[in-house]
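Quick notes on the structure that follows.
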Amino acid sequence: MKQISIREIAEQFNGKIFGDETLHISNVARIEEAQKGDLTFLYLPVYEKYFPITKASAIIVKRDYNKTRDDITYIEVDVPEIAFREIIINFFGTEVNLEGIDKTAFIYENAKLGSNASIGKNVVISAGCKIGDNAKIFHNTVILENVELGDDVIIYQNVSIREKCKIGNRVTIHAGTVIGADGFGYTQDENKVYHKIPQIGNVVIEDDVEIGANVTVDRAAMGSTIIKRGSKIDNLVQVAHNVVIGEDTVIAAQAGVSGSSKVGNRSILAGQVGIAGHLEIGDNVVLIAQSGVSKSILKPGYYFGSPAKELKTAFKLEAHIRSLPEYSEKLEKLEKEVKHLKEQLANALKQDKS
Amino acid sequence: MKQISIREIAEQFNGKIFGDETLHISNVARIEEAQKGDLTFLYLPVYEKYFPITKASAIIVKRDYNKTRDDITYIEVDVPEIAFREIIINFFGTEVNLEGIDKTAFIYENAKLGSNASIGKNVVISAGCKIGDNAKIFHNTVILENVELGDDVIIYQNVSIREKCKIGNRVTIHAGTVIGADGFGYTQDENKVYHKIPQIGNVVIEDDVEIGANVTVDRAAMGSTIIKRGSKIDNLVQVAHNVVIGEDTVIAAQAGVSGSSKVGNRSILAGQVGIAGHLEIGDNVVLIAQSGVSKSILKPGYYFGSPAKELKTAFKLEAHIRSLPEYSEKLEKLEKEVKHLKEQLANALKQDKS
Amino acid sequence: MKQISIREIAEQFNGKIFGDETLHISNVARIEEAQKGDLTFLYLPVYEKYFPITKASAIIVKRDYNKTRDDITYIEVDVPEIAFREIIINFFGTEVNLEGIDKTAFIYENAKLGSNASIGKNVVISAGCKIGDNAKIFHNTVILENVELGDDVIIYQNVSIREKCKIGNRVTIHAGTVIGADGFGYTQDENKVYHKIPQIGNVVIEDDVEIGANVTVDRAAMGSTIIKRGSKIDNLVQVAHNVVIGEDTVIAAQAGVSGSSKVGNRSILAGQVGIAGHLEIGDNVVLIAQSGVSKSILKPGYYFGSPAKELKTAFKLEAHIRSLPEYSEKLEKLEKEVKHLKEQLANALKQDKS
């Protein structure tokens, strides 16, 4: 079992130890699951409740954390989540066992592989493909003609990449994902019968993009469907033809972007969000889960609902909706009172005249 | 063609035959599609309308069914759906033709296979895997290092299971599903650039779980994503990292559970339901289709809407929403009446003073 | 580089050229991306804004288009989108490089292949399958026993087709899709434990259907799940057991149809629509994105919302919801006024009496 000195850990992050400086830890774990010998961490308030009961031997916390326990060793750092990430990378990184080019992989004659490629079993790399250095392509993945992949890509098993797509450096694509299937484009004739519009474009995925499992990114009708540098796409996301996703944008699981829509930089589409076609979503736009967007949103900010509204508005309207039973009662009461007032007034006026 | 005596069928379920006890049936079919010679069944009220016109020769019904036709043979049983299920298993079970270990399957040297395994073509079973007895693993499925599978598992084609995942006994996983892809976890730096948090946990699937096609169950950041005994997951469902799904819980197609959320036992997530991260859903909670949950729900019961509310409340509010045009009219009418009253009263008071 | 005469193009569609009749184009492109030498087209009003700035050398437009630029060559046609589609097919069609039966494909002895089949690497075609002429089946696709495919089918890579499914002529199925996985059917016992109902039906896909990537179409419990002639299914769609989809119906990405529901002809389910089980959706019904349907809809027309309403109603209610803050203020104001009126009237009456 590993034994890592917490002094060594603390030094890496300019961390300050409170407690047993000679401690060694053997594992990292979530605060509610950690056992004796484990290092854990705390930065989300929702997990504060586990602090009094965690069995961890050491914990990474923010500066000036309120150290109410003395049976645990604290490491104070500037940003616990970043420190923790680095600790995992440095001490507990996953091992990917894929080495060399398996003899069952099919690499067409004129395909070019960079140095140090690892290609798994039954992988198909078709004619005209160019693949950079240090590629890891797992078993049973199929790459059709003239695809280009950059350096340091990781493509997991059972991935399908269709012809002519271009994928940048340090891109990771998880299992079962389909890149470059035909966009969903048809014309309808006078008998309402659909005829396919051939989809002759491609998909371009820029550097440092990560794409989850069982995602679909369709090729453009013409031109390119583009996912720009640094964006992160979760599982089961749909990116339709001719969509452009900006830089450092996040799309959570099961969200979908319809044809020809553009999403800006540093935006966030939470889970199950849907964006209709031919729209523009600007930079720094955050769409809360399940929001449905049918008009362009250019103003940065938070949005929610189907159809989507500014979050403040959506919350206010939701509160009003919850008050509807009360409003309805008030309305009824008012109707009675007004009716009564009318009668009283009518009587009074009658008496006045009499 | 099969010929099965309905007397034999009836005996199995303590069923009582009304009609031709010597009848033999050759097939089972849905009530609206059944033909002469078929056995059908009826338990959902919505299908009662087909009873007068079904062409089935025999029908399984509840005790004391109102037998308005005399050209059909009835088998009365306690629970028609259970009887029917057993009849299918006993007399019409599907045949899965997978036998032996195909010579194109790659089973790494130190992987352990139990007895009576059936392994299809191009299957990859990586180093350190342990697989129980009677496993059926279909063509082109890929299992990475150190995965454990119990006895009597069925894994259909093109499934991807990543390293270190643990899968129990009698688990079925349908085609195209991805178990153990990286969870969606990043830290963001001061330039809004995302950096991956390595996902070093695994997925644990307990006994008697069934997982549909093209599902994604992500590995935990640390620790395990867990699906407990007896739960059933439909197609295209997303289960994020560190989620825990309880026992005998059902998740219908295209629903998603975000990171670190826990769902209790015997709960139901209907189609396209979404649950935000770090929440707790209790036991016996039923979320109606498309509900969106952004706060924990511990109280058993039915919930609906986005954001989700108790079903009774949701229905009441929906009725109020549908009444809004009427409320709006009433409001306008009241405004006029009040204005008129004010004028009348002002006049009356003026006259009084005059 | 290709050089295609626009005169040749115009002749095919009875098009009329305004501008340089001797022009040759080398590529087709979207209006906002087109470069010198490209042919583009215009039919959606939303793209009119790009007309003044497109760099295309030629453009396909409707008859009597307002030709405000004289540095571009126009081809007027009756229906630009249809003309454009044909031009792509005739001059820029994608090349699919799959020829012959790869020696690593496994075609079981008694499976029947029509003439001119192209079968990729590691494809599995199981016992009893019948495949028509001109089939193109890409690498690593797996087809289980007794499946029938018609003529001119295209099945992309990593597709899974389970036993006994029947697929018509000119059907295209994109990568990663699963046809014929078990429907999601269980009975629950007195301990709330679920027991699987074996799914012994199949899937029938009629002629001219196209099915996107990572779609799931489940096999029927009994009988068939059916997708009728000419329907088009986008990526990540769920079609549950015993569903029937009519002719020329369109289902956009991430929509789902629950068990035993029927959708009519020429209907449209937009993205992320959900339809509950055992319902009927009629012909010519259009469900706007994210709509949730819990009751049958037989009347043609547009519907929106969750629960879905006629679009006109949904829009009206949405407008009322947005007015709720105003209504609430009015209500409060009325309450004050009525209260004041009551006091005034009470005083007046008191004075009268005094």
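The values are calculated or read from the model by the stated rules, or taken from the named source; none is laboratory data. Owing to the predicted nature of the structure, the values given are computational and were not obtained by experimental measurement. Every residue, glycine as well, gets a Cβ built from its backbone with ideal geometry; the counts of neighbours run over all protein chains shown. In case anyone asks, the SASA skips ligands and DNA or RNA and just uses the protein heavy atoms, side chains included. Shrake-Rupley method; radii C 1.70, N 1.55, O 1.52, S 1.80 Å.
Only a single item in (1) surrounded by fewer than 22 Cβ atoms within 10 Å (Cβ to Cβ); (2) outside any strand (DSSP E or B); (3) hydrophobic (A, V, I, L, M, F, W, C) is not met by B:A289, and it is number (1).
Residue count for region B:185-195, restricted to those that are in contact with a Lys or Arg (Cβ under 9 Å, 6 or more places away or on another chain) and either more than 9 Å from chain A (Cβ to nearest Cβ) or within 30 Å of C:I161 (Cα to Cα) (or both): 0. Filtered by the rule that a residue be in a loop (DSSP other than H, G, I, E, B) and open to solvent by 20 Å² or more (accessible area, probe 1.4 Å), region B:38-56 gives B:Y43, B:L44, B:K55. Within region B:164-174, restricting attention to residues that are open to solvent by 20 Å² or more (accessible area, probe 1.4 Å) and either of a type in the set (A, V, I, L, M, F, W, C) or touching a Gly at 6+ places or on another chain (Cβ under 8 Å) (or both), the residue that is farthest from the other protein chains (Cβ to nearest Cβ) is B:N169.
Restricting the search to strands (runs of 3 or more DSSP E) fully inside region C:113-215 and requiring at least 3 residues that are over 25 Å from the mean Cα position of the chain (by Cα) and assigned by TED's automatic domain parsing to the domain that holds C:K228 gives C:186-188, C:194-196.
Of the residues making up region C:216-229, those that are within 21 Å of the chain's Cα centre (by Cα) and more than 14 Å from chain A (Cβ to nearest Cβ) are C:V217, C:D218, C:R219, C:T225, C:I226.
With the condition kept exactly as written, say whether any residue in region C:196-206 is within 12 Å of chain A (Cβ to nearest Cβ) and either of a type in the set (F, W, Y) or within 30 Å of B:R85 (Cα to Cα) (or both). Checked region C:196-206: no residue is within 12 Å of chain A (Cβ to nearest Cβ) and either of a type in the set (F, W, Y) or within 30 Å of B:R85 (Cα to Cα) (or both).
What about B:S231, is it among the hydroxyl-bearing types (S, T, Y), modelled with pLDDT of 95 or more and open to solvent by 10 Å² or more (accessible area, probe 1.4 Å)? Break it down into steps so the answer makes sense when it comes.
On the way: among the hydroxyl-bearing types (S, T, Y): yes; modelled with pLDDT of 95 or more: yes; open to solvent by 10 Å² or more (accessible area, probe 1.4 Å): no.
Answer is no for this residue.
Take the residues in region C:102-152 that are charged (D, E, K, R) and open to solvent by less than 50 Å² (accessible area, probe 1.4 Å); name whichever of them is farthest from the other protein chains (Cβ to nearest Cβ). That would be C:D102.
Every listed requirement among (1) modelled with pLDDT of 95 or more; (2) open to solvent by less than 10 Å² (accessible area, probe 1.4 Å); (3) under 32 Å from the mean Cα position of the chain (by Cα) is met by B:I72 save one, (3). Just one of the numbered conditions (1) closer than 22 Å to A:F304 by Cα; (2) not in a strand (DSSP E or B) is not true of B:L341: (1). Return a yes/no flag: does region C:81-101 have any residue that is crowded, with 17+ Cβ neighbours inside 10 Å, within 14 Å of chain A (Cβ to nearest Cβ) and at pLDDT 95 or above. Taking every residue of region C:81-101 in turn, none turns out to be crowded, with 17+ Cβ neighbours inside 10 Å, within 14 Å of chain A (Cβ to nearest Cβ) and at pLDDT 95 or above. Name the single residue, out of those in region C:324-354 being open to solvent by 30 Å² or more (accessible area, probe 1.4 Å) and of a type in the set (S, T, N, Q), that is nearest to the other protein chains (Cβ to nearest Cβ). Result: C:Q344. Against the conditions (1) within 9 Å of chain B (Cβ to nearest Cβ); (2) assigned to a loop (DSSP other than H, G, I, E, B), C:G271 satisfies every one except (1).
If you filter region C:5-33 down to residues that are within 14 Å of chain A (Cβ to nearest Cβ) and without any contact (Cβ under 8 Å) to a residue 24 or more places away in the chain, you find that the one that is nearest to C:I88 (Cα to Cα) is C:R30.
Being β-branched (V, I, T), out of contact with any strand residue (DSSP E or B) (no Cβ under 9 Å at 6 or more places or on another chain), free of Cβ contacts under 8 Å to residues at least 40 places away in the same chain and more than 10 Å from chain C (Cβ to nearest Cβ): is that true of B:I59 here?
On the way: β-branched (V, I, T): yes; out of contact with any strand residue (DSSP E or B) (no Cβ under 9 Å at 6 or more places or on another chain): no; free of Cβ contacts under 8 Å to residues at least 40 places away in the same chain: yes; more than 10 Å from chain C (Cβ to nearest Cβ): yes.
Judged against the criteria, B:I59 is not a match.
Look at (1) surrounded by fewer than 22 Cβ atoms within 10 Å (Cβ to Cβ); (2) in contact with a helix residue (DSSP H, G or I) (Cβ under 9 Å, 6 or more places away or on another chain) and you find that C:K312 fails only one, number (2). Number of residues in region A:177-193 that are surrounded by 21 or more Cβ atoms within 10 Å (Cβ to Cβ) and farther than 16 Å from A:N242 by Cβ: the value is 2.
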